[in-house]
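The values are calculated or read from the model by the stated rules, or taken from the named source; none is laboratory data. The structure presented is a predicted model; accordingly, all values stated were derived computationally and were not measured. Positions of Cβ are generated from backbone atoms using ideal geometry, with glycine treated the same way; all protein chains shown enter the neighbour counts.
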Amino acid sequence: MASDSEKFQRDLMRSMRQARADYAASVTQVKAPGASEARAEQREPAGAEPSDAYCDRQMAREQQRKVELQRLNAHQRIGIELLTQASRRPVLLTAAQQEVQRWEDCALCSSDYIARWREWLALPVAELVPLMCSDAQGWGPAMRQNSPFVTYLAG
């Protein structure tokens, strides 16, 4: 019989796989021709090579997708550490809370991110980890971009 800890870890891994699948689906949607790409394709004569500007935009979008995937992977690693290394948990959470306070004290970040990270960091770890590794109702990528786990991410 699996222990509660093993069940929790299996559930977390399932949640993380789902977050990656959700992210991959969102990337696929971004890659699908949208209105702006359709207009760019209309400007190019049939059979012509795409313009440099169009290629530059595509490269920039792909680079941004890679950066977001790296941020997601980093936050998944943090999540695993928070869940599995009880001795490190207070260190990581205290450092993150201090970073959010620094943002506020020095006006380094939007009050929206400060308030949301405070809410997230006040949650039990079992709720925090899936949230910071998900789309979080559209907030996930932005929250990972403005992460208070910067010290951990840099190391």
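Filtering the stretch 82-94 to residues that are surrounded by 15 or more Cβ atoms within 10 Å (Cβ to Cβ) and within 18 Å of Val150 (Cβ to Cβ) leaves Leu82, Leu92, Leu93. Of all the residues in the stretch 78-117, those that are of a type in the set (A, V, I, L, M), farther than 17 Å from Cys133 by Cβ and in contact (Cβ under 8 Å) with a residue 24 or more places away in the chain number 2. Suppose the filter is surrounded by 15 or more Cβ atoms within 10 Å (Cβ to Cβ), modelled with pLDDT of 95 or more and of a type outside the set (Val, Ile, Thr); does Trp103 pass it? For Trp103, the condition - surrounded by 15 or more Cβ atoms within 10 Å (Cβ to Cβ), modelled with pLDDT of 95 or more and of a type outside the set (Val, Ile, Thr) - is met.
Of all the residues in the stretch 95-134, those that are closer than 12 Å to Pro148 by Cβ and assigned to a loop (DSSP other than H, G, I, E, B) number 2.
Glu81 passes every criterion in (1) among the charged types (D, E, K, R); (2) part of a helix (DSSP H, G or I); (3) modelled with pLDDT under 90 apart from (3).
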